[in-house]
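Asks: Sharing a structure here in structure tokens format.
The values are calculated or read from the model by the stated rules, or taken from the named source; none is laboratory data. The structure presented is a predicted model; accordingly, all values stated were derived computationally and were not measured. For neighbour counting, all protein chains shown are included, and Cβ atoms are generated from backbone atoms with ideal geometry for every residue, glycine included.
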Amino acid sequence: MNYTHYPLLTNSTNNLSKILGLSPNELLLIAGPCAIEDAESLLQLALELKKLGVKYLRAGAFKPRTSPYDFQGLGLEGLTILKKIKAATGLKIVTEIPDASYLPYFEDVDIIQIGARNMQNFTLLQALGKTNKPLILKRGFGNTIDEWYGACEYILKAGNPNVILCERGIKTFENSTRNTLDISSIALTKLSTSLPIIFDPSHASGRSDIVEALSLGGLATGADGIIIEVHQNPHASISDANQALSLETFKELVNKLNHLRNNLL
Ligand code: PEP
Ligand code: MN
């Protein structure tokens, strides 16, 4: 299949490295906890991540949880914490927007994340398309590549060229992993568009013991970046504890990613 029915996606140019302040071949490395839990622990983690070369801190203020009884995130208070940590550390911040009405609160967010569950929220896509914010468009776990590209085209058509596509795993019959990381979509995206493609081995697997293997696999497939959940004490993480990497494990992974990028790709 070719994707000429999405002319803006297929004819896009990738100027995101410039907008994101990365050197032309630099891997976009985004890391941080699933959710903002409290200011002090996030600050400590952010400082450690910075030492490891991370420039973009991820952390959710609004958490879309399957159960309404699970921790929903700190909401606007979380956003305030994140902005303070940005000011204190110089790290750029990446966080998910729950819906279009929250846009005014996201001015200081460097990359706005569109969550998998919102991939076809067309009102949100159009609202974000009217801004010039860098966006991460996560693939819905029940969506085809064509539907994902269609969602991207909505944003591009509304006028925002700064889209980063993110493969985060899809639902299959397999239940040993939380989702199935579809690395074909990474390879196909490299053939279909110049837009950057990153991937999320944490939500794709749901288990920290294979995050490293998936990370290396996705990078070798040609991804331009990676978004990973890291927590100073993974077992105590309020959300997604099973998939969070410890700082020690993440450090080893960063070394391996750099080695792979510099020597094999
Ligand atoms: C997340 O990255 O915090 C998240 C909820 O991911 P997804 O939208 O891919 O489930
Ligand atoms: Mn999570």
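Asks: Residue pairs, Cβ under 7 Å, 6 or more apart or interchain, first in the range 194-217 and closer than 19 Å to L260 by Cβ and in a helix (DSSP H, G or I), second within 12 Å of ligand 2 (Cβ to nearest atom) and of a type in the set (K, R). List them.
Replies: Qualifying pairs under 7 Å: A204/R168; S205/R178.
Asks: Show the residue pairs meeting these rules: Cβ distance below 6 Å; 6+ apart or different chains; first residue within the range 245-265 and of a type in the set (S, T, Y); second residue part of a helix (DSSP H, G or I) and surrounded by 14 or more Cβ atoms within 10 Å (Cβ to Cβ).
Replies: So the pair list comes out as S246/P234.
Asks: Of all the helices (runs of 4 or more DSSP H) wholly in the range 12-89, which have at least 3 residues that are of a type outside the set (A, V, I, L, M)?
Replies: In the range 12-89, 39-51, 76-89 are the helices (runs of 4 or more DSSP H) which contain 3 or more residues that are of a type outside the set (A, V, I, L, M).
Asks: For a quick check of your reading of the model, give me the residue pairs whose first member lies in the range 84-106 and is modelled with pLDDT of 95 or more, whose second is polar (S, T, N, Q) and part of a helix (DSSP H, G or I), with beta-carbon atoms closer than 6 Å and at least 6 apart or on different chains.
Replies: Here the result reads A100/T123, each pair linking the range 84-106 to a residue that is polar (S, T, N, Q) and part of a helix (DSSP H, G or I).
Asks: Does E37 satisfy being among the acidic types (D, E), buried (at least 17 other Cβ atoms within 10 Å of the Cβ), farther than 16 Å from L135 by Cα and at pLDDT 95 or above?
Replies: Values: among the acidic types (D, E): yes; buried (at least 17 other Cβ atoms within 10 Å of the Cβ): yes; farther than 16 Å from L135 by Cα: yes; at pLDDT 95 or above: yes.
It is true that E37 is among the acidic types (D, E), buried (at least 17 other Cβ atoms within 10 Å of the Cβ), farther than 16 Å from L135 by Cα and at pLDDT 95 or above.
Asks: So, one more: Look through the range 185-208, keep the residues that are under 23 Å from R65 (Cβ atoms) and either among the charged types (D, E, K, R) or out of contact with any helix residue (DSSP H, G or I) (no Cβ under 9 Å at 6 or more places or on another chain) (or both), and return whichever of them is farthest from ligand 2 (Cβ to nearest atom).
Replies: Among them, the one singled out is R207.
Asks: For the range 209-252, how many residues are away from ligand 1 (no atom under 16 Å from the Cβ), aliphatic (A, V, I, L, M) and surrounded by fewer than 16 Cβ atoms within 10 Å (Cβ to Cβ)?
Replies: 3
Asks: Can you find, within the range 132-169, the residue that is farthest from L214 (Cα to Cα) among those that are assigned to a strand (DSSP E or B) and within 16 Å of ligand 2 (Cβ to nearest atom)?
Replies: This residue is I136.
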